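The values are calculated or read from the model by the stated rules, or taken from the named source; none is laboratory data. Because the structure is predicted, anything quoted here is derived from the model rather than measured. Methodologically, a virtual Cβ is constructed for each residue, glycine included, from the backbone with ideal geometry; neighbour enumeration extends over all protein chains shown. Protein only, heavy atoms only, side chains kept; ligands, DNA and RNA dropped before computing areas. Shrake-Rupley method; radii C 1.70, N 1.55, O 1.52, S 1.80 Å.
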Amino acid sequence: MSMLTPPGMGGKYRITGNAYPRMRRPRRRGRIVVAALAAVVALGLAGWGTLQLIDVFGGGTADVRARTAAGPVCKPRKNAVTPVHVPLRPAQITVNVYNATPRAGLAKSTADELKKRGFAIGKVGNAPVAYDKKVPGPGMLLGATGARENAFPVLGTQLRGATLKMDARATADVDLIIGTAFTSLTPPKDATAALAALAEPAPAPSGKC
């Protein structure tokens, strides 16, 4: 065995001339593991950075969640016009006054008072058979379907507790049928205040755009 032969390699690995055996270095698995972990961390940081950029340029996810929880934010539109319902004036309403009670003279006296308050008066007399002595409350307002939104709210300020009923008439006049519980029309001061309240615009509903 030559003195240049490494111990334990036997004569098989004798070094002759200028050739030396090349010995492989042991693989370092630790470096591979560290490199893999570094790659995972780098990918995670890259993804986190992308999300941050989206969050910044997209207005913020937290802000979106907050706005969603708080409901829609309504911005006033430019040149927006809020529709205001203008009630009819008493002079624009023709009232037929009928007495459905056993007491005589109520239709005429009630019609005279309504005329003083600015209403136009049509027919005055006893109630039709279908309603005679069959209106238990203070009175009934009877008219076409459109009267519910136009004439009834105005005429209703003059008689508290009156019931409303529609019929198939094609005219704009309305009937005030005096019921058995009638005592008098609404006091003029209260009726005037109620008419003024009808002219005030209703507040806009909250939470709607």
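Below, the figures for the structure above:
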{"item": "Of residues in the range 122-143 being more than 42 Å from the chain's Cα centre (by Cα) and of a type in the set (Val, Ile, Thr), the one surrounded by the fewest Cβ atoms within 10 Å (Cβ to Cβ)", "result": "VAL129"}
{"item": "Any hit, the range 172-189, residues being part of a loop (DSSP other than H, G, I, E, B), open to solvent by 50 Å² or more (accessible area, probe 1.4 Å), under 18 Å from PRO87 (Cα atoms) and at pLDDT 95 or above", "result": "yes"}
{"item": "Condition met for ARG65 (open to solvent by 40 Å² or more (accessible area, probe 1.4 Å), assigned to a helix (DSSP H, G or I) and modelled with pLDDT under 95)", "result": "yes"}
